[in-house]
Ligand code: TNX
């Protein structure tokens, strides 16, 4: 080959590589056509954002916030605009009418993003962000592409446990940003547990003065080698909760609060020993694991207290759901408690499992009276499930299968595929709860269990990963556990089943790691370093 044609060849190769790497979108869109000649346009500070509908203002703000943070400039916005160099945001039905569906076009005159609804425009904007170069620059070349896209599942969630370790409002917002950047749309906020109560309830100030703090925490893995003697805790004021909910709504993320009952309630008992079967004394838990001290199911004061809590929680969250936990409630105390046994006898219940079912169903009626639906972990199936409760299947897929067969709505979060507190290499290189959940396993997860018929499968709303924080004590560890596994999950929940391919995902993932660097996140490096199990 002559020198000149060699250079031309190399140049073209480079250009197509750049264009190619810039269409490494995750989750994979339904349809993407990249201009075959590698044509690009440029976004610079002269580009304008046209906001055709007021409900798209927060989307334009997110785009500008991202450009400012990552590239150091932002764009002017305008309600009308003609001509060239525009990013036009508009609500207009695309071929696929699903909520969140969008069409993105990068053409000679700029960018057009049409969404079936405002959420769709937001997701189109997320795809645009992934078309931008991963090097900082004030003039951003974007490949000319046509994308049509829509989510597979309507529920694409992430849970953060802020009880075992408390995270600031600022960090919770960053967590919500991660959700939004992955086109996910639910933040399940695990607000109470044995180790700390994290939400202001004005009627019960002891929840903030006593239940929100523990005096010490075990060192190392449960049962631990001694304690650190450091007071740990905190809670969110109602004003802060509203601020977070608004922040999430601007990113099309719904916030679902979880108030645990009747188990995982030792922090509550520390402030209100009269709500336990033995009367205490209790302390806010300093160790982890499953605790025997639970709320008394025979005492009406317990229900009055929980109703007070729901009265204040319900209006803070626009979501139609309230999660009440219901998991891991040992029955030891109830078995020897006169009040619990009397309740079993009076109501003609078979055993303590039916007593738990009574507890949850009584609370469900109250939650329904507030116009909300109840979600519970799959233990709410034990002793009888109400027709209207929503089941979060965590102990594998069994609970989800059973609930869907009973025609109850289901959210899949099985430990086997989506417990992000589990290790991701063997041996794990930091302290984790246990388990082994490498990236490939997450990617291979199929949220519709094969045991379900097509009709039953309709009861599966989607899926969610859970980040329990017994051993996740600070933000950089949160990110270490999330990335890259959360990126794999986003594709599981968004992309078409037949489009998922691990090899193809891995090619795109390399570019995603460059984005992680732009976002300054602390990711696990096992996959990057070529880890093979
Ligand atoms: C089980 S998942 C729990 C949590 C723990 C988690 C640790 C669930 C409903 N309950 O309380 O933090 O295991 O993986």
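The values are calculated or read from the model by the stated rules, or taken from the named source; none is laboratory data. Just so we're clear, the structure is a prediction, and the values are computed from it rather than from any experiment. Virtual Cβ from ideal backbone geometry, glycine too; neighbours counted across all protein chains shown.
A few remarks follow.
- Among the residues of segment 412-427, those that are within 19 Å of residue 323 (Cβ to Cβ) and in contact with a helix residue (DSSP H, G or I) (Cβ under 8 Å, 6 or more places away or on another chain) comprise 412, 414, 418, 420, 421.
- In segment 19-58, residue surrounded by the most Cβ atoms within 10 Å (Cβ to Cβ) [restricted to those that are over 17 Å from residue 110 (Cα atoms) and touching a helix residue (DSSP H, G or I) at 6+ places or on another chain (Cβ under 6 Å)]: 27
- Checked against the criterion of being touching a helix residue (DSSP H, G or I) at 6+ places or on another chain (Cβ under 7 Å) and on the phi < 0 side of the Ramachandran plot, the candidates 86, 140, 128 yield just one match: 140.
- For residue 522, the requirement of being at pLDDT 95 or above, surrounded by fewer than 19 Cβ atoms within 10 Å (Cβ to Cβ) and part of a loop (DSSP other than H, G, I, E, B) is met.
- For segment 283-292, the count of residues that are surrounded by fewer than 24 Cβ atoms within 10 Å (Cβ to Cβ) and free of Cβ contacts under 8 Å to residues at least 60 places away in the same chain is nonzero.
- Of all residues in segment 483-518, those being within 19 Å of residue 446 (Cα to Cα) and either in a helix (DSSP H, G or I) or in contact with a strand residue (DSSP E or B) (Cβ under 7 Å, 6 or more places away or on another chain) (or both) number 18.
- A count restricted to segment 418-435 and to residues that are more than 13 Å from the ligand (Cβ to nearest atom) and either part of a helix (DSSP H, G or I) or touching a strand residue (DSSP E or B) at 6+ places or on another chain (Cβ under 7 Å) (or both) stands at 1.
- Residue count, segment 268-287 (criterion: within 29 Å of the chain's Cα centre (by Cα) and under 21 Å from residue 304 (Cα atoms)): 2
For every residue, the table says whether it meets (1) assigned to a loop (DSSP other than H, G, I, E, B); (2) assigned by TED's automatic domain parsing to the domain that holds residue 235; (3) touching a helix residue (DSSP H, G or I) at 6+ places or on another chain (Cβ under 9 Å).
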residue: 301; (1), (2), (3): no, yes, yes
residue: 306; (1), (2), (3): no, yes, yes
residue: 324; (1), (2), (3): no, yes, yes
residue: 342; (1), (2), (3): no, no, no
residue: 349; (1), (2), (3): yes, no, yes
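- Filter pass, residue 390 being within 16 Å of the ligand (Cβ to nearest atom) and not assigned by TED's automatic domain parsing to the domain that holds residue 257: no
- Strands (runs of 3 or more DSSP E) completely within segment 28-74 that count 3 or more residues being more than 28 Å from residue 152 (Cβ to Cβ) and assigned by TED's automatic domain parsing to the domain that holds residue 92: 40-44, 48-51
- On inspection, residue 133 fails the criterion of being assigned by TED's automatic domain parsing to the domain that holds residue 44, over 25 Å from the mean Cα position of the chain (by Cα) and within 20 Å of residue 250 (Cβ to Cβ).
- Out of 202, 246, 227, sole residue that is in contact (Cβ under 8 Å) with a residue 40 or more places away in the chain, away from the ligand (no atom under 16 Å from the Cβ) and closer than 17 Å to residue 313 by Cβ: 202
- Filter result (touching a strand residue (DSSP E or B) at 6+ places or on another chain (Cβ under 7 Å) and within 16 Å of the ligand (Cβ to nearest atom)) within segment 360-384: 360, 374, 375, 376, 377, 378, 380, 381
- Qualifying residue in segment 395-406 (condition: under 26 Å from residue 253 (Cα atoms), in a strand (DSSP E or B) and away from the ligand (no atom under 12 Å from the Cβ)): no
- Tally of residues being part of a helix (DSSP H, G or I) and buried (at least 24 other Cβ atoms within 10 Å of the Cβ) across segment 255-282: 5
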